[in-house]
Structure formats: structure tokens, C-alpha cells
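S.K.: One structure, pasted below without further comment.
The values are calculated or read from the model by the stated rules, or taken from the named source; none is laboratory data. Treat the numbers as computed from the prediction; the structure is a model and nothing was measured. Virtual Cβ from ideal backbone geometry, glycine too; neighbours counted across all protein chains shown.
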Amino acid sequence: MLKGLYTAYTGMVNEQNRMDIMTNNLANASTVGFKKEGSTSQAFDDILTVKIKDASVGVRNVQRTGINNPGVKIGENYTDYTQGSFRNTGNTYDLALSGEGFFAIEFTNKEGETSTKYTRAGQFTLNREGYLVTQEGDYVLDTNNRRIRLDTLKESVINSSGMISQNGVNVAQIQVTDFEDYDYLEKYGETYYQPIEGARRTAANATINSGWLEMSNVQIVREMVNLISITRAYESNQKIIQTYDSSLDIAVNQLGRVQ
């Protein structure tokens, strides 16, 4: 009788996980370069119920009595790498990638450890020393994995291959890296990604658009529709538990009462 309680409970936990991911997507609907996330779910593995030490089938034999499937379990989360829309800014150092690929960023954590992260967020600027950096102050890398330093007094031109020139002289080329399989990319923060063991880098076919930004690929209307669906599914499981609670209350406190 109580199997339905566990089924409804697992359904509520799964919908709560979907809700958490959905609200994070909505919160980053205007974040430059953000890629929305999604969740998956799967049925619990069937649990075989058996009889043991049953004289009717032989003490040493095991008889199958049924299959118990206690609801749903949370699957893996995934990232949707679909390209977002472009917004024109007119700023030379605002860069958007058209096609597959990522900008390479030299990231330093709070402990001072340096590593390379990858991002689609091309909202760059020059710091006081002339280095091309992200909004968080992390350094943009060139094709030789070096920091890009420019003359702040000279006007820059960035072509579609990422070559930066000042006064007609090529100064540096922005690194654009791609990966064979995005399943080997791990999300770090909101817009950074880091490769895990097994990741293989490959040449990117993306082109760089100076003066543009790639916006989030979150579609607010679709997310709101999914939000309503999640809420209703959660409420349905909640009502099941309330119904079971009422039934158990009657069974425990009213049935068999001596009048």
C-alpha cells in the first residue's frame, strides 16, 4: 500500500531538481554567453521480490513473486550548446563567436592557482596595463597561450580570424579552441567550461565578430511554459501523498474502533 508514497516522493524530488535548473536558466537569461541547462530522469531499476526458504517451492529454491518499481530517479544534467542570438554593441573588444568553439581564458582562483578555462562570453576590455581581459579580470589568451597586451593609445581592429592589428601591424591573434566531444566539458561558474580527463581539443571553425556579443540561448517563454508544467507535476505528487496520509489516518484511527 505504501509503495505509492515512495513513488510520489521520488516524483517530487525530481520535479524540485528540474525547478532548480529552470530557475537558474531564467536568472541567466540576460547573461552574455550563457548556455542553458536541462535535466533528465529515469525509472528506478526494477527490484525483484523473491521468496526464500519456502517449503512449497523447495527450501533451496527462490521463487519470483513480483517486481517493485519505486518511482523515478534523477538522471544527469546536460548543457545545451545551441548558439544564442547576437547583439550589436559597436565596441571593438566585444566579440561573438559564429560557429563552434570557445575563447581561451587564463583563470586564477582565490588560492592563486592558474588554469585555462573556456568561454563563449566575449565581453572583453583592456585593463590599465593594456591586457585584454574578461569582465572578471581574467586574461584572454592568444594562439601561443600567452596574454594579449595592446597599446591603449592606438585603435585596434579585429578580423574574423581573431587577428588583432594596430596601425596596420598585426599584434596578436585570439585563440579559439573547440573540442571533439562536449560531454568532456565541465561547467565552471556560469559561463566558464573546463575540460576533464578524455577531452580532445580540435581546430575550431568559428569566426569572430567584433562589435557583437552572443547572448544567452535561454528562451524565456519556453522556460515559463516548462515552469508551469513542473509546478503542476509537483502538485500532483503532493496530492497523492496527502491522499495516502488521509487513508492511513482512517486505517489507524478509525477502522477497528470499538463503538
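S.K.: Given the criteria of a type in the set (Ser, Thr, Tyr), part of a strand (DSSP E or B) and modelled with pLDDT under 95, does Thr202 qualify? Working first, answer last.
M.R.: Numbers: of a type in the set (Ser, Thr, Tyr): yes; part of a strand (DSSP E or B): yes; modelled with pLDDT under 95: yes.
Against the criterion (of a type in the set (Ser, Thr, Tyr), part of a strand (DSSP E or B) and modelled with pLDDT under 95), Thr202 qualifies.
S.K.: Given the condition touching a strand residue (DSSP E or B) at 6+ places or on another chain (Cβ under 6 Å), surrounded by 12 or more Cβ atoms within 10 Å (Cβ to Cβ) and under 30 Å from Gly11 (Cβ atoms), answer yes or no: does some residue in region 240-251 qualify? Lay out the reasoning, then the answer.
M.R.: Narrowing region 240-251 to residues touching a strand residue (DSSP E or B) at 6+ places or on another chain (Cβ under 6 Å): none.
Within region 240-251, none of the residues are touching a strand residue (DSSP E or B) at 6+ places or on another chain (Cβ under 6 Å), surrounded by 12 or more Cβ atoms within 10 Å (Cβ to Cβ) and under 30 Å from Gly11 (Cβ atoms).
S.K.: Please name all residue pairs, on different chains or six or more residues apart, with Cβ atoms under 8 Å, provided the first residue is in region 116-133 and is within 13 Å of Ser210 (Cα to Cα) and the second residue is of a type in the set (Gly, Ala, Ser) and in a strand (DSSP E or B).
M.R.: Close Cβ pairs (under 8 Å, with a partner that is of a type in the set (Gly, Ala, Ser) and in a strand (DSSP E or B)) amount to Gly122/Ala96.
S.K.: Kindly provide the set of residues from region 208-255 that are over 27 Å from Thr40 (Cβ atoms), assigned to a loop (DSSP other than H, G, I, E, B) and small (Gly, Ala, Ser), ordered by number.
M.R.: Listed by number, the list holds a single entry, Gly211.
S.K.: Which condition number in (1) more than 16 Å from Gln194 (Cβ to Cβ); (2) of a type outside the set (A, V, I, L, M); (3) in contact with a strand residue (DSSP E or B) (Cβ under 8 Å, 6 or more places away or on another chain); (4) without any contact (Cβ under 8 Å) to a residue 24 or more places away in the chain is the one that Ser98 fails?
M.R.: (4) is the only condition that Ser98 fails.
S.K.: Hey, another quick one. Inspect region 36-49 for any residue being modelled with pLDDT of 85 or more and loosely packed, with under 13 Cβ neighbours inside 10 Å and give the result as yes or no.
M.R.: The answer is yes, given that some residue of region 36-49 is modelled with pLDDT of 85 or more and loosely packed, with under 13 Cβ neighbours inside 10 Å.
S.K.: In this structure, is Ile220 surrounded by fewer than 16 Cβ atoms within 10 Å (Cβ to Cβ) and aliphatic (A, V, I, L, M)? Step through it out loud before you land on a result.
M.R.: Values: surrounded by fewer than 16 Cβ atoms within 10 Å (Cβ to Cβ): yes; aliphatic (A, V, I, L, M): yes.
Criteria met by Ile220.
S.K.: Still on this structure, please answer the following. What do you reckon, is Val258 assigned to a loop (DSSP other than H, G, I, E, B), β-branched (Val, Ile, Thr) and at pLDDT below 90? Step through it out loud before you land on a result.
M.R.: On the way: assigned to a loop (DSSP other than H, G, I, E, B): yes; β-branched (Val, Ile, Thr): yes; at pLDDT below 90: yes.
Yes: the conditions hold for Val258.
S.K.: To continue, here is another question. In this structure, does Ile208 turn out to be over 23 Å from the mean Cα position of the chain (by Cα) and β-branched (Val, Ile, Thr)? Outline the logic, then answer.
M.R.: Details: over 23 Å from the mean Cα position of the chain (by Cα): yes; β-branched (Val, Ile, Thr): yes.
Criteria met by Ile208.
S.K.: Hey, among Gly211, Gly189, which residue is surrounded by 11 or more Cβ atoms within 10 Å (Cβ to Cβ), of a type outside the set (Lys, Arg), under 30 Å from Met163 (Cα atoms) and modelled with pLDDT under 90? If you could, list the steps in order and put the result at the bottom.
M.R.: Numbers: Gly211 fails: modelled with pLDDT under 90.
Criteria check complete, one pass: Gly189.
S.K.: Looking for whichever is at pLDDT 70 or above and not assigned by TED's automatic domain parsing to the domain that holds Thr177 here; the options are Thr92, Thr65, Thr7. Which one fits?
M.R.: Details: Thr92 fails: not assigned by TED's automatic domain parsing to the domain that holds Thr177; Thr65 fails: at pLDDT 70 or above.
Exactly one of Thr92, Thr65, Thr7 is at pLDDT 70 or above and not assigned by TED's automatic domain parsing to the domain that holds Thr177, namely Thr7.
S.K.: For region 156-168, which residues satisfy the criterion of being over 17 Å from Asn127 (Cβ atoms) and either at pLDDT below 95 or of a type in the set (Gly, Ala, Ser) (or both)?
M.R.: Correct list: Ser160, Ser161, Gly162, Ser165, Asn167, Gly168.
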